[in-house]
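Here is the structure we will look at.
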């Protein structure tokens, strides 16, 4: 029941924004400028190409990811389409072999009905789709999922605040798992679903330099997950630099602050070229 209420609320908020035609369609809306983030979804659509590298360590494996974390096009200031093309490498800590390959593609539609340049404020909503292009058998992906989301951002001089919340659920059925013991029955896991929320504070003492601090949360809601209904909290401090006009390079370390956690730590490096 709780998951249905969350889903209905997010969908109503996202869909309820689309009928309105804001003044932000004009060129003036382009002056809404918010700092780049690490994990939090930005509220302002943009035209950009973004590459990323991630490295993560958990109790069972080391993982690496790289690829196009954002290939985004915004034909107008208030609407954008984003494509995510990941490559994933898994390196188990036991005797299993290292595997790698294409992960699940991501497609996002983002609409910002509220862009206020004078107040440096933006509010956006949209839908993110996960397409099952990765190998489920090799644990590189294989999920077909949908996630409605809301994102907001506010510039405060040298400071900026940005936040997002999303409810994600898997649409396709997971594959059956082989029994751990001989003669046992196969098990089919439940479809994954859960809530994520992120908050970012950025301080820019110089035009080309910014300090980033993010608070990230994940709450899994599907039966069978060992972390079901336990809130995972992470802190992600980082730094952002602009080496040239239109370029942004940022890096951060993703650290758990609760006993409920999926990873021990993650390193993120992101390079963005804006147009």
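No value in this document is a laboratory result; all are computed from the given coordinates. These figures come from a predicted structure and were not determined experimentally. So basically every Cβ, Gly included, is an ideal-geometry build from the backbone, and we count neighbours across all protein chains shown.
Could you list 96, 262 in order of exposure, starting from the residue whose Cβ has the fewest other Cβ atoms within 10 Å? Final ranking by Cβ density, sparse to dense: 96, 262.
As a check on your grasp of the helix formula, calculate [θ] at 222 nm for the chain: sum -39500 (n - 2.57) over DSSP H runs of n ≥ 4, divide by the residue count, round to the nearest 500.
Here the helix-only value at 222 nm equals -2000 deg cm²/dmol.
Remark: 111, 203 ranked as 203, 111, counting other beta-carbon atoms within 10 Å and listing the fewest first.
Rounding to the nearest 10 and keeping the result within 0 to 90°, find how far the Cα-based axis of helix 2-17 lies from the longest principal axis of the chain. Helix 2-17 sits at roughly 30 degrees to that axis. Fully extending the segment from residue 191 to residue 259, taken as 0.36 nm per residue of separation minus the present Cα-Cα distance, adds 22.1 nm. Remark: the residue 136-residue 76 segment gains 17.9 nm on full extension, using 0.36 nm per residue and subtracting the alpha carbon distance. Convex hull volume per residue, computed on the Cα atoms of region 50-98, equals 75 Å³. Summarised in one figure, the compactness ratio Rg/Rh of region 16-167, Cα atoms and Kirkwood Rh, is 1.05. When the Gaussian network model of the chain links Cα atoms closer than 10 Å, the mean-square fluctuations of 157, 252, 194 top out at 157.
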